[in-house]
Amino acid sequence: MTTISIREITSLVEKISLELKPATKESSSSRSSCGHSYVFYGICIVCKSTVNKSNGRAFSYPFLVRVFRLRQEAATLTKRFTTQYYCLNEKKLHLVLDLDKTLLHATKVAGLSKAEKYLIVEAYSDEWDDLRAFLNDPVYLIKLQPFVRMFLEEANKMFTMYVYTMGTRGYAKAVLELIDPKGIYFGNRVITRTESPELKTLDLVLADERGVVIVDDRRDVWTCHHHSNLVKIHEYKYFRVDDYKQRSLSEKRRDESENNGALAFVLKLLKEVHCEFFKVEQELGSKDVRLILQEIRKKRLKLSS
C-alpha cells in the first residue's frame, strides 16, 4: 500500500526541524523561543518540551494519528517535503477524488421511482458487484460508475490518492468497502464533512499544491484559489433525480459506457498531466500541475474551435 508511515513522517519532520531549530544551544530561553511547529504525543520534536494543546493554531490531518499536530509553517514545509518524497521515490503526484456523482451515484431507497424498485432486490443479490445498499437511516442505494475499478487501479500507479467527500464518515466507509476493501488505494487518506464542514480545501491534504490534482463534479464546493487544481468531471446520474425530466439510466436498465465514459476521459487527462510533469527529471522542482492543466485546456480549446 502506498502511504507514508508515521516513521517516515517523523523522519521527514526531523529533517525539516533542522530548518526551524533555534541556532543557540539548548536552554530554557531557546525552548521558549521555539514555535513548537511539530507536536507528537504532546512533545515538540524540535525542542523536546511538553506543549499544551491550546498553544497556537495547528493542523491535524485526519489520515494521520490524532496525536500528531503541525503549525502553519510546519504544515507548509511538510507538504513540500512530502511532494518531493513521492516525486523522487515513487514518481507519483497526489490525486483528490470526490465520491458522489464522481465515482458513484447514491439515492434514498424511499425516493426510488416505481420503475426503479427492482434495484432493491438486485442490491442484495450477488449478480451486481457495483450496486449495494447502505443500511443507514434512511437506507441508501450506492451505484458505482462504470470503469471505476479500472480507473482506480490505473490512477494508483501515478498518484497517491485521497477521498474528499461532503458526506459522513459512515457513508465514506460504506463506499470504500465497495471500491477499496483492502485499503490499497486510499489507506486512511479520507476527508469528510467532519473535518471539512464548509468549503473543500487543499489545506487538509498533506502535499504541495503544485503536485495535487482534484477530480470533482462540482467547482463551487472548492475554495476559489484551488480551482486551478480542479478537473471537473461530468456528473454521473444513475438514479432518477427530482429535477431530471428524462427517464434515468436505471429506469432504462442501461448504464454509461465503460470505455467512453467520464472516468475513462479523465484517466486519459491524468496520464497526460503525469507524463508532462515527469518528462524532464531535472525540472521536477519547478513543475506545477496547475500550469500543465492550463496548457492542456488551451490546446483542447484550440482543437475544438
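Brief remarks on what is shown
- Lone qualifier among LYS200, LYS117, LYS182, LYS157 - being among the charged types (D, E, K, R) and within 30 Å of GLN72 (Cβ to Cβ): LYS200
- So ARG247, is it modelled with pLDDT under 95, touching an Asp or Glu at 6+ places or on another chain (Cβ under 7 Å) and under 25 Å from LEU141 (Cα atoms): no
- Check on SER196, of a type in the set (Ser, Thr, Tyr), assigned to a loop (DSSP other than H, G, I, E, B) and under 14 Å from the mean Cα position of the chain (by Cα): yes
- Selection of the stretch 256-275 for residues being under 14 Å from PHE159 (Cα atoms) and without any contact (Cβ under 8 Å) to a residue 40 or more places away in the chain yields LYS268, LEU269, GLU272, CYS275.
- Selection from the stretch 280-305 of residues that are surrounded by 11 or more Cβ atoms within 10 Å (Cβ to Cβ) and part of a loop (DSSP other than H, G, I, E, B): LYS287, ASP288
- In the stretch 64-119, the qualifying residues are those that are among the charged types (D, E, K, R) and part of a strand (DSSP E or B), and the one that is modelled with the highest pLDDT is ASP100.
- When the residues of the stretch 80-132 are filtered to those that are among the polar types (S, T, N, Q), assigned by TED's automatic domain parsing to the domain that holds LYS279 and touching a residue at least 24 places away in the same chain (Cβ under 8 Å), the one that is farthest from LEU176 (Cα to Cα) is SER113.
- Candidates ASP203, ASP216: the one that is more than 18 Å from ILE296 (Cβ to Cβ) and of a type in the set (D, E, K, R) is ASP203.
- Residue among GLU209, GLU195 that alone is under 25 Å from ARG80 (Cα atoms) and either at pLDDT 95 or above or among the aromatic types (Phe, Trp, Tyr) (or both): GLU209
- Checking TYR236 against (1) of a type outside the set (A, V, I, L, M); (2) surrounded by fewer than 16 Cβ atoms within 10 Å (Cβ to Cβ); (3) in a loop (DSSP other than H, G, I, E, B); (4) in contact (Cβ under 8 Å) with a residue 24 or more places away in the chain, the condition it does not meet: (2)
- Hits in the stretch 201-233 - residues which are part of a loop (DSSP other than H, G, I, E, B), of a type in the set (D, E, K, R), in contact (Cβ under 8 Å) with a residue 40 or more places away in the chain and in contact with a helix residue (DSSP H, G or I) (Cβ under 8 Å, 6 or more places away or on another chain): ASP208
- Residue check, LYS143 in contact (Cβ under 8 Å) with a residue 40 or more places away in the chain, assigned by TED's automatic domain parsing to the domain that holds GLU258 and basic (Lys, Arg): yes
- Output for the stretch 119-149, where each listed residue is out of contact with any helix residue (DSSP H, G or I) (no Cβ under 8 Å at 6 or more places or on another chain) and not charged (D, E, K, R): VAL121, ALA123, TYR124, SER125, LEU135
- Only one entry of LEU88, LEU97, LEU104 meets the criterion of being crowded, with 20+ Cβ neighbours inside 10 Å and farther than 21 Å from THR201 by Cα, and that entry is LEU104.
To keep it simple, each residue is scored yes or no on (1) over 20 Å from PRO146 (Cα atoms); (2) under 14 Å from the mean Cα position of the chain (by Cα).
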{"residue": "MET161", "(1), (2)": "no, yes"}
{"residue": "ASP180", "(1), (2)": "no, yes"}
{"residue": "GLY187", "(1), (2)": "yes, yes"}
{"residue": "ILE191", "(1), (2)": "yes, yes"}
{"residue": "LYS200", "(1), (2)": "yes, yes"}
{"residue": "LEU204", "(1), (2)": "yes, yes"}
{"residue": "ARG219", "(1), (2)": "yes, no"}
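The values are calculated or read from the model by the stated rules, or taken from the named source; none is laboratory data. Computed from a prediction, not measured in an experiment: that's the story for all the values here. Methodologically, a virtual Cβ is constructed for each residue, glycine included, from the backbone with ideal geometry; neighbour enumeration extends over all protein chains shown.
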